[in-house]
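S.K.: Below are the structure tokens for one structure; questions will follow.
All of the numbers you see were taken from the coordinates with simple rules; none came from a lab. Please read all numbers here as calculations on a predicted model, not as lab measurements. Note that we place each Cβ from the backbone using ideal geometry, even for glycine, and neighbour counts take in every protein chain shown.
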Amino acid sequence: MAGTLIFGAGGQLGKELSFMMKDAICFEHSKESMTTDVENKEWLEKVFSKYQPEVVINAAAYTDVDGCEIHRERAFSTNALAVKNIANLCGKYSSRFFHVSTDYVFDGKTGSYHENDVPSPINYYGLSKIIGDAFALSYDRTIVIRTSGVYGRKNNFPLFLYNSMKSGNRMKIIKGYYSPIHARLLAKSMMEIIEKHSELHGVINIAGVRVSRMELARSIASRFNLEFNDPEEVDFIPSLKAARPYDSSLDISYGKTIIGFDFYSLDRNLSCFADDLNRKENIT
Ligand SMILES: NC(=O)c1ccc[n+]([C@@H]2O[C@H](COP(=O)([O-])OP(=O)(O)OC[C@H]3O[C@@H](n4cnc5c(N)ncnc54)[C@H](OP(=O)(O)O)[C@@H]3O)[C@@H](O)[C@H]2O)c1
């Protein structure tokens, strides 16, 4: 019997979780092999039967928002159907299930979304994820961690801003707000819930403070002494296939009552980003 299984251990969140949870059994996705693929039901059944896990974390997802718009079957298979199979197996083996959701389940018309607000996705990624959330929540020992703008050891928006400003490029930035969080603080928050809050279930928003993309760029410029060369704020970028919600920020007041450290401030999150830069662990 194993303690914890982590699916999607090669992703931004999955990597941080696997570094923190030394005893966890971690599965990284491999494009060459059908094992470690959460869409492979037979493989999942074998893994559950072998390890009989107490805790299962699904950090695997098809997160390319524009890719999901085009490759809808893949999006549905990874973000929805696979979650159904994992939730069913968690039920069979009485495992506690941690699944990860997104702010993109909302249309972005109002912002500061609460855990109980009704989703209304405007792109296929959001639609596939909300169906996955529903499957996950059909099991009563599930926690759905809903988050926003995750950035870690991979190409991501803050890194794009940093690199663009460093090389003096004038950026185009889409108007709007969200609640970006560094993957390490998200993983640490999840660990705290796993270790200290066995009574919880349902949706919990764990994300950073609400910020506009422009404010984020300005904060990165000032923190790293980069020139803020008057970025152009645009309504949309024509090459993007999927619509983006204007204000997908999340209300994190419930999460703050549960987690005993600062997972949300921009300053704390950019410190993690700076640590990665110092260790050259962001991919450029
Ligand atoms: N990134 C964000 O801005 C953001 C915002 C809100 C919510 N979230 C949610 O947070 C969670 C973690 O996101 P992240 O930023 O860590 O994403 P990520 O870096 O893209 O990691 C996702 C991981 O899942 C793997 N994966 C994809 N399809 C799979 C499959 N069929 N079987 C097994 N593994 C598979 C990917 O492998 P490959 O790279 O080989 O495909 C990747 O390693 C996801 O649920 C995501 O929806 C993310």
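S.K.: Tell me, what is the Rg over Rh of region 1-78, with Rh the Kirkwood radius over Cα pairs?
M.R.: Numbers: Rg = 13.0 Å, Rh = 13.1 Å.
Over the Cα atoms of region 1-78, Rg/Rh equals 0.99.
S.K.: Under 5 Å between amide hydrogens, which residues at least 5 positions from Gly10 or on another chain qualify, with H placed 1.01 Å from N in the peptide plane?
M.R.: For Gly10, the qualifying residues are His29.
S.K.: Could you pull out every residue, at least 5 positions away or on a different chain, whose amide H is within less than 5 Å of the one on Met171? Hs are placed 1.01 Å off N in the peptide plane, and Pro or chain starts have none.
M.R.: When sequence neighbours closer than 5 places are left aside, the close amide H contacts are Glu232.
S.K.: Output the Cα-based Rg and Dmax of region 216-284 in Å, rounding Rg to one decimal and Dmax to a whole number.
M.R.: 15.8, 42
S.K.: Follow-up. Place a +1 charge on the Cβ of each Lys and Arg in region 40-175 and a -1 charge on the Cβ of each Asp and Glu, then give the dipole magnitude about the Cα centre in debye, rounded to the nearest 20.
M.R.: Values: 18 positive and 13 negative charges, 92 e Å.
Taking the Cα centre of region 40-175 as origin, the dipole is about 440 debye.
S.K.: Could you derive backbone 3J(HN,Hα) for region 84-98 from the dihedral phi with the Karplus parameters 6.51, -1.76 and 1.60 (θ = phi - 60°), listing whole Hz in sequence and x where the residue is Gly or Pro?
M.R.: Calculated HN-Hα couplings, in order: 4, 5, 5, 4, 4, 5, 4, x, 4, 9, 6, 7, 7, 10, 10 Hz.
S.K.: In addition: Using 0.36 nm times the number of residues separating Tyr93 and Lys154, minus their current alpha carbon distance, what extension gain do you get? Could you put the intermediate results ahead of the total?
M.R.: Working: separation 61, 0.36 × 61 = 21.96 nm, distance 3.34 nm.
Once the chain is fully extended between Tyr93 and Lys154, it gains 18.6 nm.
S.K.: Calculate how steeply helix 124-137 sits against the longest principal axis of the alpha-carbon atoms of the chain, using the helix alpha-carbon long axis, and give the answer as 0 to 90 degrees to the nearest 10.
M.R.: The angle comes out at about 40 degrees.
S.K.: Please list, or write none, the lysines whose alpha carbon is within less than 24 Å of the alpha carbon of Lys172, excluding same-chain residues fewer than 8 places away.
M.R.: Reachable lysines: Lys109, Lys154, Lys241.
S.K.: Which residues does a label at Lys172 reach in region 204-245, if reach means a backbone N under 12 Å from a point 7 Å past the Cα toward the Cβ?
M.R.: 232-241
S.K.: What are the extents of the Cα atoms of region 13-144 along their three principal axes, listed from largest to smallest and rounded to whole Å?
M.R.: Computed over region 13-144, the largest-to-smallest principal extents equal 45, 32, 27 Å.
S.K.: Something else: For region 127-260, what relative contact order do you get, as a whole percent, if you take Cα pairs closer than 8 Å and at least 6 residues apart? Provide the component values of the computation, followed by the final result.
M.R.: Values: 182 pairs, mean separation 46.8, N = 134.
Once normalised by length, the contact order is 35 percent.
S.K.: Over region 1-143, what is the relative contact order in percent, taking alpha-carbon pairs closer than 8 angstrom and at least six residues apart? Please report the intermediate quantities before stating the final value.
M.R.: On the way: 237 pairs, mean separation 34.0, N = 143.
For region 1-143, the relative contact order is 24 percent.
S.K.: Fully extended, how many nm does the chain gain between Lys31 and Asp235 (0.36 nm per residue separation, minus their Cα-Cα distance)?
M.R.: Numbers: separation 204, 0.36 × 204 = 73.44 nm, distance 3.49 nm.
Working it through step by step, the gained length comes to 69.9 nm.
S.K.: Also, quick follow-up: Could you list log10 I(q)/I(0) for region 132-284 at q = 0.18 Å⁻¹, which the Debye formula gives when each Cα is one point scatterer?
M.R.: Once normalised to I(0) and log-transformed, intensities are -1.12.
S.K.: Pulled fully out, how much extra length does the chain show between Glu227 and Glu199, if you take 0.36 nm times their separation in residues and subtract their Cα-Cα distance? Numbers along the way, then the final one.
M.R.: Values: separation 28, 0.36 × 28 = 10.08 nm, distance 4.79 nm.
5.3 nm is the gain from fully extending Glu227 to Glu199.
S.K.: Report, by chain and number, residues whose modeled amide H sits under 5 Å from the one on Leu250, excluding near sequence neighbours (fewer than 5 apart, same chain).
M.R.: Correct list: Ser112, Tyr113, Ser179.
S.K.: Which value results for Rg/Rh of the chain when Rg is the Cα radius of gyration and Rh the Kirkwood radius based on the inverse mean 1/r?
M.R.: Numbers: Rg = 18.3 Å, Rh = 19.2 Å.
Reported Rg/Rh (Cα atoms, Kirkwood Rh): 0.96.
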